[in-house]
Amino acid sequence: IHKKNRPKKGKTEAKQASKIMSDVTVEQFEKIVALVGDKTVKPIKSSNNADKLRFYALFKRATLGKLLPPYDDDDKDTDSRPKSRPGMLALEARAKYDAWKDCQDMTKQQAMNEYCANAKDKIGGPVEEVLNA
């Protein structure tokens with residue numbers, strides 16, 4: 001999809017996620033990340049590549065911080081960030097870069113909230129158990 005035709009993500013989805021649930025804690029977020037990565041947990045909805053990229057980007061934003069400067073004080077490992085957008089032949093790296101960049105204007109809390117809302121939508125019960133504990 002051409003960049004101009006790609007739907008904008010970030011602020012709107014983060015606001016929707018924060019309306020759905022209250023702010024998740026770091027402990028809840030870490031447990032839900034483990035559930036998303038657990039191959040034995042059966043999803044109630046399948047994920048396409050766009051969903052997986054969004055999970056990737058939200059995870060990166062929530063755990064490492066912003067892709068591009070100016071960085072926040074609590075952003076981690078900023079020296080190892082890509083200095084520029086990967087070339088057009090590096091399809092996977094370029095898609096990940098673009099997805100992470102789409103989360104640039106979110107706060108870490110918004111990224112954690114949206115990640116957990118998306119996980120709840122895809123996995124269901126196990127995520128709800130973590131959120132209600």
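The values are calculated or read from the model by the stated rules, or taken from the named source; none is laboratory data. The structure displayed is predicted, hence computed values, not measured ones. In this analysis, Cβ positions are derived from the backbone assuming ideal geometry, glycine residues included, and neighbour counts consider all displayed protein chains. Heavy atoms of the whole protein, side chains included, go into the accessibility calculation; ligands, DNA and RNA do not. Shrake-Rupley method; radii C 1.70, N 1.55, O 1.52, S 1.80 Å.
Working ranking of peptides 108-118, 92-102, 40-50 by packing, defined as the average number of other Cβ atoms within 10 Å per residue, highest first, is 108-118, 92-102, 40-50. Multiplying the residue separation of residue 80 and residue 42 by 0.36 nm and removing their Cα-Cα distance gives an extension gain of 10.3 nm.
Can you pull the percent of region 47-87's accessible area that's carbon plus sulfur, 1.4 Å probe, other chains left in place? Don't jump to the answer; show the numbers that get you there.
On the way: 1260 of 2450 Å².
On region 47-87, the fraction of accessible area on carbon and sulfur atoms equals 51 percent.
Along the Cα-to-Cβ line of residue 68, 7 Å from the Cα, sits a label point; which residues in region 84-99 have backbone N less than 14 Å from it? Under 14 Å, as judged by backbone N against the label point of residue 68, lie 84-86, 97-99 of region 84-99.
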